[in-house]
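Below you'll find the structure, written out as structure tokens, and then a few comments.
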Amino acid sequence: MAKTALYRHFDKFGTLLYVGIAGDLRKRDKQHAVGAAFAGEIATTQTEWFDERGEAISAERRAILKERPIYNSQKYTGSPSANSGWRKFMSDRSDEMGLSLRALSLSAGLSESYAPGGLKGHRDPQLSKFIALCRVLEIDPATAFSHVVLESEDPPQ
């Protein structure tokens with residue numbers, strides 16, 4: 001059986017950008033180079049090899065949950081509902097400021113449907129758009145992100 005790589009991409013400051021697994025690391029690197037938002041930020045990569053893909057999947061899940069890479073989606077924690085975590089925090093802040101979610105979107109220079117969709121759990125925001133929303137809400141992105149609620153540490157396989 002082929003080995004599976006668990007890789008971590010870091011930027012030039014040592015910030016963890018992304019954690020992933022791949023059977024063919026060269027192929028995956030090429031995919032990131034053309035399609036990943038963080039591709040231009042990668043300065044170094046650390047790689048661990050696993051004999052079993054299942055071991056790599058478990059290690060990836062633990063790394064994402066514990067190390068919080070900034071570009072990974074919440075594929076192992078589930079999408080938090082609009083009633084929990086950072087979505088609720090940002091939605092409540094918008095209410096406090098008297099901004100509708102549509103007005104929040106427009107104030108951030110986004111389409112008027114962006115915040116309603118993102119804060120109601122219909123999509124995860126891109127980092128740049130998340131930061132734009134935080135600026136309008138006058139909150140530090142790290143403060144908003146710290147409100148992430150982990151739904152489960154043991155997702156279904």
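The values are calculated or read from the model by the stated rules, or taken from the named source; none is laboratory data. Bear in mind the structure is a predicted one, so any value in this text is a computation, not a measurement. Cβ coordinates were reconstructed from backbone atoms using ideal geometry, including for glycine residues, and neighbour counts include every protein chain displayed.
If you go through the stretch 12-31 and keep only what is modelled with pLDDT of 90 or more and of a type in the set (D, E), you end up with just D24. No other residue among R8, R53 is modelled with pLDDT of 90 or more and charged (D, E, K, R) apart from R8. Across the stretch 30-45, the number of residues qualifying as surrounded by fewer than 17 Cβ atoms within 10 Å (Cβ to Cβ) and either β-branched (V, I, T) or free of Cβ contacts under 8 Å to residues at least 24 places away in the same chain (or both) comes to 9. Among the residues making up the stretch 86-101, those that are surrounded by 16 or more Cβ atoms within 10 Å (Cβ to Cβ) and more than 14 Å from E138 (Cβ to Cβ) are W86, R87, K88, S91, L101.
For I70, the stated conditions do not hold, so it cannot be described as of a type in the set (V, I, T) and either in a helix (DSSP H, G or I) or at pLDDT 90 or above (or both). Considering the stretch 115-157, the residues that are more than 17 Å from the chain's Cα centre (by Cα) and in a helix (DSSP H, G or I) include one that is modelled with the lowest pLDDT, namely P116.
Flag: D24 does not match the condition of being in contact (Cβ under 8 Å) with a residue 12 or more places away in the chain, out of contact with any Pro (no Cβ under 7 Å at 6 or more places or on another chain) and not hydroxyl-bearing (S, T, Y).
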